[in-house]
1. List the residue pairs whose Cβ atoms are under 9 Å apart, where the first residue sits in segment A:397-412 and is at positive phi, the second is surrounded by fewer than 11 Cβ atoms within 10 Å (Cβ to Cβ), and the two are 6 or more positions apart or on different chains.
2. On the basis of being under 24 Å from residue B:161 (Cα atoms) and surrounded by fewer than 21 Cβ atoms within 10 Å (Cβ to Cβ), does residue B:266 make the cut?
3. Only one of these conditions is not met by residue B:58: (1) closer than 14 Å to residue B:159 by Cβ; (2) not in a helix (DSSP H, G or I). Which number is it?
4. Which residue, of B:153, B:136, is over 20 Å from the mean Cα position of the chain (by Cα) and modelled with pLDDT of 90 or more?
5. Go through segment A:274-318 and give me each residue that's crowded, with 20+ Cβ neighbours inside 10 Å and closer than 12 Å to residue A:237 by Cβ.
6. Scan segment A:331-358 residue by residue and report those that are within 24 Å of the chain's Cα centre (by Cα), surrounded by fewer than 17 Cβ atoms within 10 Å (Cβ to Cβ) and touching a residue at least 24 places away in the same chain (Cβ under 8 Å).
7. Consider only pairs whose beta carbons are under 7 Å apart and that are at least six residues apart or on different chains; among these, list those whose first residue lies in segment A:1-14 and is within 7 Å of chain B (Cβ to nearest Cβ) and whose second residue is in a helix (DSSP H, G or I) and surrounded by 14 or more Cβ atoms within 10 Å (Cβ to Cβ).
8. Out of contact with any strand residue (DSSP E or B) (no Cβ under 6 Å at 6 or more places or on another chain), touching a residue at least 12 places away in the same chain (Cβ under 8 Å) and surrounded by fewer than 24 Cβ atoms within 10 Å (Cβ to Cβ): is that true of residue A:88 in this structure?
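The values are calculated or read from the model by the stated rules, or taken from the named source; none is laboratory data. Not measured: the values here are computed from a predicted model. Positions of Cβ are generated from backbone atoms using ideal geometry, with glycine treated the same way; all protein chains shown enter the neighbour counts.
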């Protein structure tokens, strides 16, 4: 009897251990696996619109702003360069728990001619699915026959990630619960790059959709027809749009229209959207937060004008997550706007006008006598008494709601320490540390860290010497 | 099908289930089918070879036994010679024909004789060296009347092809394995034996997947391009090769023993902490025990062993080790490797009186720990040096390799971190070091407590046992060399 108990104990402990190891080591990509995980967490039958497609879908269609504008609950259920076959299985998966009034298919990825994506995309676009026949079918269609076993035995793919593990692997919501707990798949880009408008004239020429893409595009249309789902096929606007893509999408439009569904190529509506190619994009394919917001306003109107949606009551507890997600987006956008300021005077104005969700940590990395007058003026404007007795090398001040407080070194050795959502912010003579990253530049001058208490993150960090701002965002 | 493959992980449970569920009297038939399936997963056609060897030695043994008791003992000897010849001929054809041809061509070149170039492109059947020796050992045992011939062809075929030890040993003795096969209908399901068997399999997988396949990356990298590395890297690669070979080969034997254990069989132990040996002679009592005892019993002793004077003993020793080297591979590097071990043992014997005089003269305590450690290290260095020939592609490469160790000695590489750029980075090196510590502890337990680590852990308290099992299994799962980044590396001794 004792031996049986022992054997069972061994088995139990092994199962628990291996389960824990699997949880830590499994892939947690936000562009294909984590969005599905978030989708499964949605309450049943609360999502109005499911958006399928590649990163053109989930980085360009701002679900939070659409919610705020319309009260429509949308979800970006895309994957990295997700081909049509992966979109098809995502659609099948989505309707198991939701009854969307509209399925939107972002059609860019169907223009890519390939039978199989690369390994990382095969993993990203299938591993998030819950184990089912559909998942097995998805893996089989996504990978060559001789490699099915390789991808079906998931653990063999990620067991050797021991060198790549990060804090996100150990903590829930990838260590960003504020952002991801109420996530609806939208991957916002806070980076901005300048582009020029694509010079494309769509003369209506048709080019064939690549075979396998076409096959599964038709399957998506057929599935929607058979299950009474409304489908809208769109193409979001992007700088790298070209004629070949336009011609293939012309063929895609034919299929959609033939089936009685709408097809809209928003590359033909960039003026109406108000696209500013100098700030609306982070890359040649993906919008910046500014661009996504702009597009979301336009797209929201399109949805309300063309489909019969009933806006949800924003006080409905079922949709509290959408409200929270929108707020989170606003906080992040606020911080992103702060980071865009390069002029010293504009920056000092912005710092002075920070809302109550932010506070500033100032650390001097010099003697006061070495500081430029403009910096001394800045410190004085914050109420910091700048004399050689009051400000020394390594001194630290916290400015909350405009009131500066000098941090004295405590008996623990640091000047300031506080936890925000499990993450620790510490200021000491060696620097300003957040999540083990030192935001203090080791150059003479003043280090300024703006901390966002809503997003639990460093909104901005700059080092100021004389009147020159060196921004290094870590 | 290798032990650390998905195929085996599906095959083995099925074979166990069938074994314990079908009627006991026909168990051997099921195991025989499983064994042939196992072998045919390598190459179906070569199963005919093992069948040929089986039938030849089966029939030959029966005939030998019939005539051994009669007046025509000479005929029995002739039949034995014929059986040995046929089996060795097959082995020579598949394994040594190109080697022999190259020797002939070299002689012709020296003599200035023209010759047609013939190359034998046939693949080496997996395990041929092992099952051939196992079958021949049986036949010789029958001749020596150590064992009665097995009349049931299927049971005998199972003895030759028993899948746990078919491809890379241990080379079983007929008096150990055959009686177990004959009585297998009496084997009952024993959960302790099954648990121990699986524990041994886990331990074997740990040695193979965590240690052997990990060090193999560095070894392959350095030996593959030795001419771009300095002495320290070459020494490290040779040290790691000794670990790779040991863990790779031992893991196969342990998994074989564990698999057999689950089925209720006890195979012979093939390794007994060989790197703790204090002399090369002792090393061969601990390394690849099944092969070394085979050569001792069927080559060294028939040659006269140590019964015909000192010189003859040394000659017999050299012949045995040269043949042992040749058994490992059809190349002069293996012959030299074997020859080195023969020379080591002769030297040990010749220098023993001098050694004793020196110890007496300087009052050296030979029983203290430091002296034992010195002898272990000395033995290890000698063995490791010989491994250079074992691993090198040819003799010239081996000699060049050795020369570079001294001529291109580069100790500064230790401080520059260059040692972590040979294929194993710091993280993997730490993983390896922890695993090696466990291996060293295991060998010390084997040496001083004379039990395996599996048996040692089994005698501990339940909590320790549980933690150890979970640790080893987790270690394999996380750090084992498997998945798309790795190929399931073949066990090294498959090539023999």
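1. Close Cβ pairs (under 9 Å, with a partner that is surrounded by fewer than 11 Cβ atoms within 10 Å (Cβ to Cβ)) amount to A:401/A:356.
2. The answer is yes for residue B:266.
3. (2)
4. Answer to the selection: B:153.
5. A:275, A:280, A:281, A:286, A:287, A:291, A:292, A:294, A:295, A:299
6. A:340, A:357, listed by residue number.
7. If the second residue must be in a helix (DSSP H, G or I) and surrounded by 14 or more Cβ atoms within 10 Å (Cβ to Cβ), the pairs left are A:7/B:195; A:9/B:466; A:10/B:466; A:10/B:469; A:13/B:466; A:13/B:470; A:14/B:470; A:14/B:473.
8. Working: out of contact with any strand residue (DSSP E or B) (no Cβ under 6 Å at 6 or more places or on another chain): yes; touching a residue at least 12 places away in the same chain (Cβ under 8 Å): yes; surrounded by fewer than 24 Cβ atoms within 10 Å (Cβ to Cβ): no.
In short, no.
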